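In what follows, a structure is listed as structure tokens, so that the remarks can point back to it.
Just so it is clear, none of the values below were taken in a lab; they were calculated from the coordinates. The structure presented is a predicted model; accordingly, all values stated were derived computationally and were not measured. As a convention, Cβ positions derive from the backbone with ideal geometry for all residues, glycine included, and neighbour counts pool all protein chains shown.
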Amino acid sequence: MWSQLQEAWTKLSEKLFGWLDAVVLNLPNLIIAILVMTIAYFLSKYVKKYTKKIISKTTRDNTLISVAANVVTASFLILMLFVVLGILNLDKALTSLLAGAGVIGLAVGLALQDPIVNLFSGVMISIREYYKEGDLIETNGYFGKITKVTLRSTILQQPSGQVVIIPNKDVLQNPLVNYSHSGRRRIDLECGVSYGDDLEMVKALVRKTIQNQVDHNEQLPLEIFFKEFGSSSINFVLRFWRNISSQAEYLAATDDAIIAIKKAFDEHNITIPFPIRTLDFGIVGGERLDELYPLKKVTSTKSNSLDKGPAKEN
């Protein structure tokens, strides 16, 4: 029993002294590794700072700048970690670390497939500048003003006040209409006039009214087209452009045009017809109006009206 304990102690001592010898032999490498890692830590702050400075020259998206700087800084620190492991002659540990990182990276990539796709979609959107905060857009069946753009999603506020969060993947892969990109919009206004009105005079009057009374972009065409014979009117469409940045300005332009045209039509006795309905109460199973409310006949004698009092009612 005692001999077995001595043998175990001897093996343990040899193992400990072997580790101590390895530490002493690798002490210069350990000091160099610590020194390299310390320098790398302080250098990482400058790497992050200058990365932000360089990327800010290509994009104004603060979120993109911050994420890109963090990715570059992390990559720099990981590279320096590999250098430190090489200095310490931990080649096997380095190989195992790389293999483990590959397996872990594959598992994480499969688990976070949608978030990663949204992340890269956000990067693409920021670089290509499809839209920016404040733009009025329509995408994925939603219409509203962009309040915030992150690397994961685009946040819209609809005209009715609701907030919609749309993943960047869906924005990038589906059609998008940007109403603010050009800084102008076309107002399409439909109206109708009576069959008895002079159409050429109506056309000239509408054109003159818009030109003189409604704010519009004079460099773009002002168009008026009669398009159909309606059931009670001859209908036309008015098209003009206006420099617009919000939905409220678009509605205001439509409002201005309607008020101006209505006043002009009233001044020139031009009629805007409306459909007329005839109600027939003599339907099958119903009763006629003359049966519901019979007319009362009144007879009177003209010569004797003053002497005989009021007329008789039959």
Seminar exercise, completed: Log10 I(q)/I(0) at q = 0.15, 0.33 Å⁻¹ for segment 131-178, from Debye over equal alpha-carbon scatterers, is -0.29, -1.51
Problem set entry | Spherically averaged projected area of segment 125-225 from its Cα convex hull (nm²) | 9.2
Problem set entry | Diffusion coefficient, µm² s⁻¹, Stokes-Einstein with Kirkwood Rh over alpha-carbon pairs of segment 184-267 at 20 °C and 1.002 mPa s | 162
Exercise. With labels modelled as points extended 7 Å from the Cα through the Cβ direction, what inter-label distance (nm, one decimal) is found for Val177 paired with Asn89?
Worked result: 7.2
Exercise. At Phe143 and Lys53, where each label point lies 7 Å from the Cα along Cα→Cβ, what is the point-to-point distance in nanometres?
Worked result: 4.8
For this session: Give me the number: length gained by fully extending Phe120 to Leu222, i.e. 0.36 nm times residue separation minus the C-alpha to C-alpha distance, one decimal in nm.
Result: 32.4 nm
